[in-house]
Every structure is written in structure tokens, then in C-alpha cells.
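Report on one structure; see the data block that follows.
The values are calculated or read from the model by the stated rules, or taken from the named source; none is laboratory data. Worth saying up front: this structure is predicted, and the values here are computed from it rather than measured. Glycine also receives a Cβ, built like all others from the backbone with ideal geometry; neighbour counts cover every protein chain displayed.
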């Protein structure tokens, strides 16, 4: 009885597949990831208005909606803060908006 090369190759692939499978993350992995994020101020920003200088992207003088997303307060208040409706919140708009909200 002849065994074809294709059958042998398929058998080897089936046997080797578990070696390449990724293991799902454990609770300990998730905890390590959360701790790493807590140590990086740009990864997890507060839900309250943050200091302008602490927000990622502020260096260019404005933030877009995508850049505001990590800060839930600014994400929720982006449209009212963007007083000239140009799709960007400048530091001046942000400061004025914070004062209105408090």
C-alpha cells in the first residue's frame, strides 16, 4: 500500500498545529497588562477633565475627536468644547469648556 506524499504532509501539519496555537491570556496576564497601563499616564486618562499637558497629542496645539477618545470627559464633551466646529479642540477652547462644566 502506497502512502502519497500529500497524505504524509497533511498528517505532519495536523500533528504540528498544536505547537503553533496561541494560548489564551490568563487572568494574571490581564492583571499585568492593567498594571502596565496604570503606570503610563497616556494609556488610561481620567474621566474628569485632565490637565491639557497630560493628554496625548496636545503638543500640536489641538486635539481631534480620535485623540480625545482616551479621556472620557473630553470625548463626551468634545462637540460643546469645539466652539468653532472645526473638528479640533484647542487649549483655549478646552480651558473655557472646563470652566463652563464646573
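Going by the structure shown, is residue 34 modelled with pLDDT under 85 and under 19 Å from the mean Cα position of the chain (by Cα)? Yes: the conditions hold for residue 34. Among the residues of segment 75-92, count how many are in a helix (DSSP H, G or I) and under 24 Å from the mean Cα position of the chain (by Cα). Number satisfying all stated conditions: 8.
In segment 51-66, the residues that are surrounded by 14 or more Cβ atoms within 10 Å (Cβ to Cβ) form Cβ pairs under 8 Å with partners that are assigned to a loop (DSSP other than H, G, I, E, B) and at pLDDT 95 or above, at six or more places apart or across chains, as follows: 64/87; 65/87.
Can you tell me which of 83, 26, 90, 7 is at pLDDT 95 or above and out of contact with any strand residue (DSSP E or B) (no Cβ under 8 Å at 6 or more places or on another chain)?
Numbers: 26 fails: at pLDDT 95 or above; 90 fails: out of contact with any strand residue (DSSP E or B) (no Cβ under 8 Å at 6 or more places or on another chain); 7 fails: at pLDDT 95 or above.
The match here is 83.
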